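Colleague: First the structure, which I've put down as structure tokens, then a few questions once you've had a look.
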Amino acid sequence: MSEIKVVANILHTNEEITSQNKRLLNEKGIYVINLMSSPGSGKTSLLEKIITKLKDKIRIAVIEGDLYTTKDAERIEAQGVPVVQINTGGACHLDGKMIKGALDSLNLDNVDLLVIENVGNLVCPAAFELGEDIKITVLSTTEGNDKPLKYPRMFENSGAIILNKMDLLELTNFDKAEFYKDINSLNALATIFETSCVRDQDQGIDVLCTWLRQQIQFMKHES
Amino acid sequence: MNLMHEVSIIQSVIDIVTKQALENNLTKINNLSLRIGELSGVMPESLEFAFDSCIKGTMLEESTLNIEIVSALGECKDCNLEFPIEHFNKLCPSCNKFCTNIIRGYELNINTIEGD
């Protein structure tokens, strides 16, 4: 019997494809967001709000990850921006190879901001890099403030965290002080936003959009 | 179909190990060792479960899986001290600053394979 020292990164194939994606997206000067959360926290609603506010100012494209349906992609398409649907057929996360396929069907010369809406799941997507510039995790007040403690990796690796459904805060037992305390111990550098997407009475979307435009401009200056 | 990420991970492991085994003229794997970082979010129990299901019909079919957990380590950017960290405790014990430089703990690595 012989022993072989392998020392290989298990996700090497994903990381290789991801760095190719990243190189291509950098060349095109596109700012890429990997948007993650549990199902039903409001990723698509937030995205609709962001697109409404920003689509006249910057060119946005969206990749929609979903297990089986095209429901979210239809909502984004109704906003009049290019959208590519990835159906994972039951898989719990997007990976670099799926993104590569989706990029092939977008005209990358006409995009400033690409949002990848990951499969709703607080666990698996955190382990798979997609070639993004930033991971943004959405948590809604109705999910409870214990989620960062229970699913630390996703919050730990995010550059920004959006606390959504602020309009429902008073109806829940969500403890905002605890939430901030936990995020601070887990990821002190994350930028935190508080939003709600109620029709005609949204909150925090302008602040979020201003910040997003700053990030895009900052990236364009860097390159 | 990759229904959970532990299954994706194990399928990658099988691909890499099979390739390495062929390159080294092995036909059967007896032991496989992985190094998994404690911050990686991957559950050893789920990996073992996925492993048992996925190795059927491969050259790893009769192999034993060993998982070594790698403890998390941070390095303070201010004082260069290396110290153990946890998800919710990343303060440098010397200067009390939040550590952004995680140098160990996210590993998902194949370490060694043994075979004939």
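Just so it is clear, none of the values below were taken in a lab; they were calculated from the coordinates. For clarity, every value in this text was computed on a predicted model and none was experimentally measured. So basically every Cβ, Gly included, is an ideal-geometry build from the backbone, and we count neighbours across all protein chains shown.
Colleague: All but one of (1) touching an Asp or Glu at 6+ places or on another chain (Cβ under 8 Å); (2) within 14 Å of chain B (Cβ to nearest Cβ) hold for residue A:33; state the number of the condition that does not hold.
Modeller: Of (1) touching an Asp or Glu at 6+ places or on another chain (Cβ under 8 Å); (2) within 14 Å of chain B (Cβ to nearest Cβ), only one is false for residue A:33: (2).
Colleague: Right, another one. Hey, among A:196, A:185, which residue is closer than 13 Å to residue A:49 by Cα and either crowded, with 16+ Cβ neighbours inside 10 Å or away from chain B (no Cβ under 14 Å) (or both)? Don't jump to the end; show me each part of the working.
Modeller: Numbers: A:185 fails: closer than 13 Å to residue A:49 by Cα.
A:196 is the lone residue from the list that is closer than 13 Å to residue A:49 by Cα and either crowded, with 16+ Cβ neighbours inside 10 Å or away from chain B (no Cβ under 14 Å) (or both).
Colleague: Let me ask you something else. Among the residues of the stretch A:99-117, which ones are crowded, with 21+ Cβ neighbours inside 10 Å and closer than 20 Å to residue B:8 by Cβ?
Modeller: Matches in the stretch A:99-117: A:99, A:102, A:116, A:117.
Colleague: Could you tell me which of the residues B:75, B:23, B:86 is within 11 Å of chain A (Cβ to nearest Cβ), surrounded by 15 or more Cβ atoms within 10 Å (Cβ to Cβ) and among the acidic types (Asp, Glu)?
Modeller: Values: B:75 fails: within 11 Å of chain A (Cβ to nearest Cβ); B:23 fails: surrounded by 15 or more Cβ atoms within 10 Å (Cβ to Cβ).
Answer to the selection: B:86.
Colleague: Regarding residue B:68, is this residue more than 9 Å from chain A (Cβ to nearest Cβ), without any contact (Cβ under 8 Å) to a residue 12 or more places away in the chain, under 20 Å from the mean Cα position of the chain (by Cα) and surrounded by fewer than 16 Cβ atoms within 10 Å (Cβ to Cβ)? I'd like the intermediate steps shown before the answer.
Modeller: On the way: more than 9 Å from chain A (Cβ to nearest Cβ): yes; without any contact (Cβ under 8 Å) to a residue 12 or more places away in the chain: no; under 20 Å from the mean Cα position of the chain (by Cα): yes; surrounded by fewer than 16 Cβ atoms within 10 Å (Cβ to Cβ): yes.
No: the conditions fail for residue B:68.
Colleague: Ok, one more. Just give me the residues in the stretch B:63-80 being over 15 Å from residue B:29 (Cβ atoms) and assigned to a strand (DSSP E or B), in sequence order. Working first, answer last.
Modeller: Just the residues of the stretch B:63-80 that are over 15 Å from residue B:29 (Cβ atoms), to begin with: B:67-80.
B:67, B:68, B:69, B:70, B:73, B:74, B:75 - these are the residues of the stretch B:63-80 that are over 15 Å from residue B:29 (Cβ atoms) and assigned to a strand (DSSP E or B).
Colleague: Do we find a residue being over 17 Å from the mean Cα position of the chain (by Cα), at the interface with chain A (Cβ under 10 Å from one of its Cβ atoms) and either not in a helix (DSSP H, G or I) or not acidic (Asp, Glu) (or both) anywhere in the stretch B:30-44? Show your work before the answer.
Modeller: Of the stretch B:30-44, the ones over 17 Å from the mean Cα position of the chain (by Cα) are B:30.
Cutting the leftovers down to at the interface with chain A (Cβ under 10 Å from one of its Cβ atoms) gives us B:30.
Then keep just the ones that are either not in a helix (DSSP H, G or I) or not acidic (Asp, Glu) (or both); that gives B:30.
Yes, the conditions are met somewhere in the stretch B:30-44.
Colleague: Can you tell me which of A:13, A:18 is within 13 Å of chain B (Cβ to nearest Cβ), assigned to a helix (DSSP H, G or I) and surrounded by 15 or more Cβ atoms within 10 Å (Cβ to Cβ)?
Modeller: Working: A:18 fails: within 13 Å of chain B (Cβ to nearest Cβ).
Exactly one residue qualifies, and that residue is A:13.
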